[in-house]
């Protein structure tokens, strides 16, 4: 799959003015060095949405959304990553490069031609529909009105081996394009023929409304599979697309919910009855890409499945894809239908009000999660409760840190009567890191830094005016400055003495420093995105908003002073280690020399004015 180089992303965001990008969509008012507005991602009366031109970063103090200009377009315009990059690149006159192959729009230079031939195929099928008595009878039987047929661009593939091929494949190049986009099949002797024959045709669109594939449904008792979808092509990957998402986005500027059903006709029936938030997977189980796409477009997702064993198994596969994407504010529900019913038949039988009532009574994700996990588990026995805990903990550990994971953990404790000290699934090393993080956060809540090393007392802050705030730890100060001004990484050269300092946050500081050095053009927003989904994401987000003096000279002085003090703490740590070892073993001559030098250095530091 094609990939856009990180260096290009960094260069693009360095050229783009995030204030201009957001202001073209959301009215901004200047507030000091920043710009503010009411958040476009949640309802509020007073503005808490901040856009920083200096940091090229936006952040909402109300709902916590944040990111770069790319992330804003993805969330606000509901664009895919590549679409957002290409739109921004067009604003500043850059051409997007691709590694590992061509983009999904530029495959072998034929992207535009492939879209064109698929659009021509859609129009060909639409022209055949009125002339097909069989199709007209079927559509009437299914109760579809002319407006909904036109809205979804339904068509008919003639009962012929070469109707489409003859209409569009007038030369070798067009035949090759038809084959490349999955409209032809190849026989045993190498001859090609139409893939879709005597089927009702459903065009499948991408998020920009372009036809990328088709689904074909048999009518009546015709032979072959009930539904036949286009194969995987450079433009179409069924595990990453949703039928009718384009129609939903066209109908709603803000999508309050999405309803995932299993069939094209289910989607169309719901639309016809006024429920215009329905989409369908394309003959495959719900994938992680589907889950991310669903939540990117709406915070509330309803999965609609048959109530039988197969339907509940499909629902559980959806759960496994959804759990790792259940960040705070997102909700998922499961609606199981009566035997023999589907959304198409049910809404025609019960009407819109009846179907809406079923949605209101849908099973929340947390409830279905435990109903599924408790099946074949006897909670009346200790072994059964232990088995439940073992079945659940890895799934719960996959959920991003937040209220939803905390609630599922509480429910697991209540059901299993086993109290977990840390999030389920943590190894001993992870528990140690979690403990360190907890210490840091508790200390931050008190306005202190976590468990200061003994060297802090021996080397008090000697920051210049505008230097580190005494209430900030040195590590937090250095990290905050690097996040806000990644170019500061170039102000120091290895070896980094402080890298071996045994203090919470040092590994994170080194990781951020490494990213900044490897990507000199990286921006604050892109740097923060490297930590999406990690436990320290929220803490880093707060550090990004930490206030510092506005001049580059102050940033540099404060950063270098913080690292200088960390270096001195590292020297004190080494001295303490040598003094401790000396009490139990004989030091080598080199170690004795090192200890004497460290002692002299400490004396010089203390005597310095």
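Going by average Cβ neighbours within 10 Å, how do the peptides 30-42, 576-588, 183-195 rank, with the highest at the top?
Result, highest mean Cβ count within 10 Å first: 30-42, 183-195, 576-588.
Based only on Cα atoms, what Rg/Rh ratio does the range 44-188 have, Rh being taken as Kirkwood's radius?
Answer for the range 44-188: 1.15.
If you bin the C-alpha pair distances of the chain every 10 Å from 0, what whole percents do you get?
So the P(r) values, bin by bin, are 3, 13, 20, 21, 18, 13, 7, 4, 2, 0.
Based on the alpha-carbon set only, what is the convex hull volume of the range 128-195 divided per residue, in Å³?
Cα-based convex hull of the range 128-195, divided per residue, equals 109 Å³.
Would you list 590, 308 from fewest to most Cβ contacts within 10 Å?
In order of increasing Cβ crowding within 10 Å: 590, 308.
Rg and Dmax of the range 353-404, Cα atoms, in Å?
When restricted to the Cα atoms of the range 353-404, Rg and Dmax are 14.6, 45 Å.
How do 156, 302, 227 line up, fewest other C-beta atoms within 10 Å first?
If I rank by nearby Cβ atoms, fewest first, I get 227, 302, 156.
So for the chain: antiparallel DSSP bridges make up what percent, rounded to the nearest 5?
70 percent
At q = 0.14, 0.15, 0.16 Å⁻¹, work out log10 I(q)/I(0) for the range 6-92 with the Debye formula, treating every Cα as an identical point scatterer and leaving solvent out; two decimals please.
-0.45, -0.51, -0.58
Across bins of 5 angstrom width beginning at 0, how are the C-alpha pair distances of the range 107-236 distributed, in whole percent?
2, 10, 22, 24, 20, 13, 6, 2, 1
On C-alpha positions alone, give me the angle between the axis of helix 428-445 and the longest principal axis of the chain, in degrees, nearest 10.
Roughly 70 degrees between the two axes.
According to a simple spin-label model (label point 7 Å from Cα along Cα-to-Cβ), what is the distance in nm between residue 382 and residue 296?
With each label point 7 Å from Cα toward Cβ, the separation is 4.9 nm.
Ratio of the range 245-364's C-alpha Rg to 2.2 N^0.38 Å, to two decimals?
In units of the 2.2 N^0.38 Å rule of thumb, it is 0.97.
Nearest 500 deg cm²/dmol is fine: what mean residue ellipticity at 222 nm does the chain get from its DSSP H runs of n ≥ 4 alone, each adding -39,500 (n - 2.57), divided by its residue count?
Here the helix-only value at 222 nm equals -15000 deg cm²/dmol.
Would you kindly work out the equivalent ellipsoid of the range 169-324 from its C-alpha gyration tensor and give its semi-axes, the square roots of five times the eigenvalues, largest first in whole Å?
For the range 169-324, the ellipsoid semi-axes come out as 30, 18, 16 Å.
Please report, in whole Å³, the volume per residue of the convex hull around the C-alpha atoms of the range 487-602.
About 138 Å³ per residue, rounded to a whole number.
Along Cα→Cβ, 7 Å out, is where each label goes; now give me the distance between the ones at residue 492 and residue 210 in nm to one decimal.
Spacing of the two 7 Å Cα→Cβ label points: 4.6 nm.
Report, to one decimal in Å, the Kirkwood hydrodynamic radius for the range 376-416 based on all distinct Cα pairs.
10.5 Å
Roughly what angle does helix 382-397 make with the longest principal axis of the chain, taking Cα atoms, 0 to 90 degrees, to the nearest 10?
90 degrees
Among 298, 366, what is the fewest-to-most ranking by other Cβ atoms within 10 Å?
By the 10 Å Cβ count, ascending: 366, 298.
On a 0 to 90° scale, report how tilted helix 309-322 is relative to the longest principal axis of the chain, with both axes built from alpha carbons and the result rounded to the nearest 10.
Result, in degrees: 40.
Bear in mind these aren't lab numbers, they're just calculated from the coordinates by the rules spelled out. These figures come from a predicted structure and were not determined experimentally. Cβ coordinates were reconstructed from backbone atoms using ideal geometry, including for glycine residues, and neighbour counts include every protein chain displayed.
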